[in-house]
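Written below as structure tokens is the structure these notes are about.
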Amino acid sequence: MTILVVGAGQMGSGIAQVCAGAGNRVLLNDVDEAAYARGRAAIERNLARAVERGKTSQTDADALLGRISYHRDLTAQTDAAIAIEAATEDEALKLAIFKKLDTALVPAAILASNTSSISITKLGAATKRPERVIGMHFMNPVPVMKLVEIIRGLATSEETYGFTEQLTRELGKVPVEVNDFPGFVSNRVLMPMINEAIYAHMEGVGSAEAIDTVMKLGMNHPMGPLELADFIGLDTCLAIMQVLYDGFADPKYRPCPLLKKMVAAGHLGKKSGRGFYDYSAK
């Protein structure tokens, strides 16, 4: 099967890796070839570590890479059975991508989004095939994490859901069905916790280290909420909180002012070298 993955960033490259690892041909698209090259290099690093640890052979790793190729033009006709969009968490951008995919893919193809918060119903309404639009929310890092939230839009058909659920299992993941509400399940629960941790830090309740240590040792979380926010990207956290705030019109989802300030300053977490922790020396 041919799978088109849109976006070669951290999530997109991970999705491309697991799709190719399951024996599929993967067309990986990004804004330019340099972005694709960065995504492919990330896959190569992941595979090199897997070979070093004995989890795969060099032959299998090379074969996996051979199944991934650059898809330059998103408007070019393709025979992909499914496209998985993993672009930046920006509604206008995703709507534009879905309109292009709708014209480029065969009518029977499924259009899936890895969005962590944006309405699948709205993305489907931007196409002529809303019944074949669905959400596939992978967790980060994709090659490691087992969960995939499968989100039904208002018009998503049973056939589309069944195909997507089966594909998820073939990728070695565990599908969990959720309905189309802001934040779905994962981020509706997770992001307010992260946001509250940022409020606690802003109000001087504790240092970042103290707050994270309490949650790791007291609540048995593998990673503290502020460290996790850095790992996700503070700009992504802010975008999701804004979707929750706008979607529910409930003040409990109001993004913390400190989160807004840090994003405005360019302190986005691990990817920028600085967030609640300093990564510049690592």
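Just so it is clear, none of the values below were taken in a lab; they were calculated from the coordinates. A quick note: this is a predicted structure, and the numbers were derived from the prediction, not measured. A quick note on method: Cβ atoms are made from the backbone with ideal geometry, for glycine too, and the neighbour counts reach across all protein chains shown.
Just name one of 264, 43, 126: the one whose Cα is farthest towards the positive end of the charge dipole of the chain (beta-carbon charges, Lys/Arg +1, Asp/Glu -1).
43
About the Cα centre of the chain, how large is the charge dipole given +1 on each Lys and Arg Cβ and -1 on each Asp and Glu Cβ? Please answer in debye to the nearest 20.
Charge dipole of the chain: 260 debye, to the nearest 20.
When only DSSP loop residues count, what chymotrypsin sites (Phe, Trp or Tyr not before Pro) in the range 253-282 have their Cβ near at most 12 other Cβ atoms within 10 Å? Intermediate values should be presented prior to the final figure.
Values: sites: 253, 276, 277, 279; in loops: 276, 277, 279.
Passing both the DSSP loop test and the Cβ count: no residue.
Which entries in the list 100/128; 55/270; 99/122; 100/270; 100/260 go over 23 Å, if you measure between the two C-alpha atoms of each? It would help to have the intermediate numbers written out before the result.
Numbers: 100/128 11 Å; 55/270 27 Å; 99/122 12 Å; 100/270 32 Å; 100/260 32 Å.
Going by Cα-Cα distance, 55/270; 100/270; 100/260 fall outside the 23 Å limit.
Calculate, in nm to one decimal, what residue 146 and residue 219 gain on full extension: separation in residues at 0.36 nm each, minus their alpha carbon distance. Walk me through the numbers on the way to the answer.
Numbers: separation 73, 0.36 × 73 = 26.28 nm, distance 2.15 nm.
Answer, rounded to one decimal: 24.1 nm.
Indicate, rounded to the nearest 5 percent, the antiparallel portion of the DSSP beta bridges found entirely in the chain. Before the final figure, lay out each step's value.
Numbers: 7 of 33 bridges.
Of all bridge pairs located within the chain, approximately 20 percent are antiparallel.
Nearest 5 is fine: what % of DSSP beta bridges in the range 114-195 come out antiparallel, could you say?
Numbers: 5 of 11 bridges.
Restricted to the range 114-195, the bridges split so that about 45 percent are antiparallel.
Could you name the aspartates and glutamates in cross-link range of residue 216, using Cα to Cα under 18 Å and dropping any fewer than eight places away on the same chain?
196, 227, 230
When 57, 119, 280 are ordered from fewest to most other Cβ atoms inside 10 Å of their Cβ, what list results? Could the numbers behind the result be given before it?
Values: 57 11, 119 21, 280 8.
The most exposed by this proxy come first: 280, 57, 119.
For the chain, what is the relative contact order in percent, using Cα pairs closer than 8 Å and at least 6 residues apart in sequence?
13
Provide Rg and Dmax in Å for the chain, with only Cα atoms included in the calculation.
19.0, 55
Three principal axis extents, largest first, for the C-alpha atoms of the range 1-113, in Å?
Projected onto the principal axes, the Cα atoms of the range 1-113 cover 42, 26, 20 Å.
May I ask you to work out the translational diffusion coefficient for the range 66-225 at 25 °C, viscosity 0.890 mPa s, via Stokes-Einstein with Rh from the Kirkwood sum over Cα pairs, reported in whole µm²/s? Walk me through the intermediate numbers first.
Details: Rh = 17.3 Å.
Value of D from the Cα-based Kirkwood radius: 142 µm²/s.
Between residue 69 and residue 261, what is the label-to-label distance in nm when each label sits 7 Å out along the Cα-to-Cβ direction?
So the label points at residue 69 and residue 261 sit 5.2 nm apart.
Which ³J(HN,Hα) values, rounded to whole Hz and listed in residue order, are derived for the range 109-120 from phi using the Karplus coefficients 6.51, -1.76 and 1.60 in 6.51 cos²θ - 1.76 cosθ + 1.60 with θ = phi - 60°, glycine and proline given as x?
With the stated coefficients, the range 109-120 comes to 6, 9, 10, 10, 10, 8, 3, 9, 7, 7, 4, 5 Hz.
Is the C-alpha gyration tensor of the range 206-282 telling us rounded, prolate or oblate? Criteria: a/c under 1.5 is rounded; beyond that, a/b larger than b/c is prolate, otherwise oblate.
Details: a/c = 2.20, a/b = 1.24, b/c = 1.77.
Oblate, because a/c is 1.5 or more while a/b does not exceed b/c.
In degrees from 0 to 90, rounded to the nearest 10, what is the angle of the helix 91-104 Cα long axis to the longest principal axis of the chain?
The two axes meet at around 10 degrees.
For the charge dipole of the chain, defined by +1 on Lys and Arg C-beta atoms and -1 on Asp and Glu C-beta atoms about the Cα centroid, which residue among 95, 280, 156 has the Cα displaced farthest towards the positive pole?
The residue sitting farthest along the positive end of the dipole is 280.
Suppose R0 equals 30 Å. What FRET efficiency, 1/(1 + (r/R0)^6) with r the Cβ-Cβ distance, do residue 100 and residue 174 give to the nearest 0.05? Numbers along the way, then the final one.
Numbers: r = 31 Å, r/R0 = 1.02.
Efficiency at R0 = 30 Å is approximately 0.45.
Report, in deg cm²/dmol and to the nearest 500, the calculated mean residue ellipticity at 222 nm for the chain, where each DSSP H run with n ≥ 4 adds -39500 (n - 2.57) and the sum is divided by the residue count.
On the way: 11 runs with 128 residues, N = 282.
About -14000 deg cm²/dmol.
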